[in-house]
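Structure first, commentary second.
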Amino acid sequence: MKITRSELFPVRIPLKAPFVTSLGSLTEVESVVLRATTDDGLIGWGECNPFWSISGETQETCLAVGKHLAKALVGHQASDIEGAHRIMDRLIFGNNCIKSAFDIALHDIASQAAGLPLYRFLGGKDNRPLITDYTVSLGSTEKMAADALDIVRNGFTVIKVKLGGAHPEDIARILAIRSAIGDAILLRIDANQGWTPEQAILVLNALCDANIQHCEEPIPRWQFMEMRRVREVSPIPIMADESCCDHHDAERLIALDACQRFNIKLGKSGGLFKAKKIIALAERAGMEVQIGGFLESRLAWTAAAHLALISPAVCYCDMDTPLMFTADPVLGGISYGPGGTITLPNTHGLGAYIDPSYLRGGTTID
């Protein structure tokens, strides 16, 4: 079961509306899809969506680095996922986003070979519901309140709100959303590093009665030493996102007692292998975890949903971005139901692949 061929494809899909955070605005998805083939004919699929301002990777860099990774993995045993990570990490530092595409593809192959759905291969059980939130992009107070109301009317029970602008306006945004939707719907907020520690403390305390589950990455990632100070005086739990990429980051944040929760993204961690390490650390520390991501299609989100079933520490799902696409390139994979419920495919392996009509302009390494 050795890797004989890897094919890398750029995929671009417009969004229904701009996706706006404190880090900028996106109108189009630019992802990389990987199709890996073994000598016994198994095919594994992977995908990554480089988020420039967070991962430092672009579609172009992922394609370029991916060629080197693919060449290094030719002849490697697909089931030796830990060994594949050693090869990739020795070859090049960082570049976790494109590494995650290879990791997902290898897990797809290995779980197919084992005759198991991916969540069972990872040690999980399909014994609880997965429910995603839906995100309100950063914008004017009026538009954000109207968007939140539309999300409630569409049946979602949890809303994630992008903040990180001027802090008085951020407070007004949440109060306006609460006025529009009432108090029953849970809110999650995400500043995407947009506040100083002092601003974060001010905003979080001002929103203490707004029924908010947690706040993601309130301050710049490089100020992680200040996060504990924010956590200690915040009435709202703090979730590390951009400051928690892999298990080494998680270990450091736990030692600092910097936050109560982690947001795990396959594109940050380098894939499922290292994401599992973060979850194990969270379990030992008694912390809760959210499975999130970037603007991946349902292919990579299917891998994320499988991961979400491996531990009761995974309490939150932020898996809504495929619903923002103008087109769906994925066959099989997770499906979305009423209220943001997510159903996994009942098949061996990942259970998702890309419609061949979207696979153009690829590069083959064998």
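The values are calculated or read from the model by the stated rules, or taken from the named source; none is laboratory data. The structure displayed is predicted, hence computed values, not measured ones. Here Cβ is always computed from backbone atoms with ideal geometry, including for glycine, and neighbour counts include all displayed protein chains.
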- Note on the structure: Flagged in the range 135-175 as of a type in the set (A, V, I, L, M), part of a helix (DSSP H, G or I) and closer than 18 Å to Leu202 by Cβ, in numbering order, are Ile171, Ala172, Ile174, Leu175
- Task: For the range 95-109, indicate whether the set of residues that are among the hydroxyl-bearing types (Ser, Thr, Tyr) and either farther than 30 Å from Asp147 by Cα or surrounded by 22 or more Cβ atoms within 10 Å (Cβ to Cβ) (or both) is non-empty.
- Result: yes
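Just checking, which of Asp209, Asp150 is farther than 30 Å from Pro345 by Cα and more than 20 Å from the chain's Cα centre (by Cα)? Reasoning before the result, please.
On the way: Asp150 fails: farther than 30 Å from Pro345 by Cα.
Matching residue, one of Asp209, Asp150: Asp209.
Any residue at all in the range 229-240 that is over 17 Å from the mean Cα position of the chain (by Cα) and hydroxyl-bearing (Ser, Thr, Tyr)? Walk me through it before giving the result.
In the first step, residues of the range 229-240 are kept if they are over 17 Å from the mean Cα position of the chain (by Cα); the result is 229-238.
Keeping just the survivors that are hydroxyl-bearing (Ser, Thr, Tyr) gives 234.
Checked against the condition, which is being over 17 Å from the mean Cα position of the chain (by Cα) and hydroxyl-bearing (Ser, Thr, Tyr), the range 229-240 yields at least one hit.
Could you go through the range 323-338 and let me know if any residue there is polar (S, T, N, Q) and in a helix (DSSP H, G or I). Spell out how you get there, then give the answer.
So the first thing to find is which residues in the range 323-338 are polar (S, T, N, Q), and the list is 326, 335.
With the extra rule that they be in a helix (DSSP H, G or I), the set shrinks to none.
No, the range 323-338 has no match at all.
Quick one: which residue in Pro312, Pro322 is assigned by TED's automatic domain parsing to the domain that holds Thr157 and surrounded by 17 or more Cβ atoms within 10 Å (Cβ to Cβ)? First the steps, then the outcome.
Details: Pro312 fails: surrounded by 17 or more Cβ atoms within 10 Å (Cβ to Cβ).
Selected residue: Pro322, the only one of Pro312, Pro322 that is assigned by TED's automatic domain parsing to the domain that holds Thr157 and surrounded by 17 or more Cβ atoms within 10 Å (Cβ to Cβ).
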- Query: Would it be correct to say that Ala255 is under 22 Å from the mean Cα position of the chain (by Cα) and free of Cβ contacts under 8 Å to residues at least 40 places away in the same chain?
  - Reply: no
- When you scan the range 176-218, how many residues do you find that are in a helix (DSSP H, G or I), under 19 Å from Lys143 (Cα atoms) and of a type in the set (A, V, I, L, M, F, W, C)? 4
- Which pairs have Cβ atoms under 8 Å, sit 6 or more apart or on different chains, and link a residue in the range 164-189 that is within 11 Å of Met144 (Cα to Cα) and touching a residue at least 40 places away in the same chain (Cβ under 8 Å) to one that is of a type in the set (A, V, I, L, M) and in a helix (DSSP H, G or I)? Ile177/Met144; Ile177/Ala145; Ile177/Ala148
- Just a yes or no: is a residue in the range 121-134 free of Cβ contacts under 8 Å to residues at least 24 places away in the same chain and more than 17 Å from Gly349 (Cβ to Cβ)? no
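To keep it simple, each residue is scored yes or no on (1) under 26 Å from Pro220 (Cβ atoms); (2) surrounded by 15 or more Cβ atoms within 10 Å (Cβ to Cβ); (3) over 18 Å from the mean Cα position of the chain (by Cα).
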position: Arg5; (1), (2), (3): no, yes, yes
position: Phe9; (1), (2), (3): no, yes, yes
position: Thr21; (1), (2), (3): yes, yes, no
position: Ser25; (1), (2), (3): yes, no, no
position: Ser31; (1), (2), (3): no, yes, no
position: Ala36; (1), (2), (3): no, yes, yes
position: Ile54; (1), (2), (3): yes, yes, no
position: Cys62; (1), (2), (3): yes, yes, no
position: His68; (1), (2), (3): no, yes, yes
